[in-house]
Every structure is written in structure tokens, then in C-alpha cells.
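The values are calculated or read from the model by the stated rules, or taken from the named source; none is laboratory data. Note that the structure is a prediction, hence the values are computed from the model and not measured. Reconstructed Cβ throughout: ideal geometry from the backbone, glycine too, with neighbour counts over all protein chains shown.
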């Protein structure tokens, strides 16, 4: 977004944020009652706007990445006579991971913790939202 370009977040300065880290976030009762639980809810009374974000489709992304590199893997194995392993590390903005993440991480040399990767994703998302919404630091 370039300077001066209007954004959905521009009209209000009273933006509020709720993030669902453990799938128990209740939708804003002051707005409506629903059983739907988005991962991130941003709302502003002044702007009369609500933004819903969802961190889904990580399994689909994992599959897409495996397919994307399949041909390259085959070409490298044929040309170089080596075994090529495609490691797909897909982490959602709220730290959501695929069930195979631990298996993928074990194939990477060194010690990589799935918890530390998830924590990094959540902290990165929080930092982006704080800057975008001009919220005070929480940590």
C-alpha cells in the first residue's frame, strides 16, 4: 500500500483486535450471535467495520507445495543421481500447522522446535497487526 492510498483501516482509530489461539473465541456478542469462529476479528465502531480473517487451508498449501516441487525433484534425481527430499513447512499466521510438521522438521539438520516456529508466527502476526492498527505494544 502506498502512502495516501485509502485503506479499510484508515477511517477509524478505535480498532480492536481479538485473536483465537485455542479455537474458543466467541464472536462479538455486541455485533451478532453466531457459532462461526474466525481466527482473527478486527472491528471499529467509528469506521463501522469488521474484518474477519481465517488461517485455514494449511493442509491444502502443504499438498500444493509438494506438487509444485515434484517435477524439480524428479529432474534433480535423474540428472544428479541423488535422493531429493522436499520438505514442506507450512505455518499459518496464527501458528496453525499441519499434522506432518514434526515429521518434516526431523528431516532438516539441526534442532528446530515446532513450538518455537509456531510462537514466531504468532508473534510476527501480532507485530504486523500492532503496526498496522497503531496499537500499543502488548509485550
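With (1) modelled with pLDDT under 90; (2) part of a loop (DSSP other than H, G, I, E, B) as the list, and residue 121 as the residue in question, which single condition is left unmet?
(2)
Please work out which one of (1) farther than 18 Å from residue 17 by Cβ; (2) loosely packed, with under 13 Cβ neighbours inside 10 Å is the condition residue 48 fails and give its number.
It fails just one condition, (1).
Please find, among 84, 97, the residue that is closer than 24 Å to residue 18 by Cα, at pLDDT 80 or above and outside the structural domain of residue 19 (by TED's automatic domain parsing).
Just a single option satisfies the conditions, and that option is 97.
So which residues in segment 69-95 are in a loop (DSSP other than H, G, I, E, B) and within 27 Å of the chain's Cα centre (by Cα)?
85, 86, 87, 88, 89, 90, 92, 93, 94, 95
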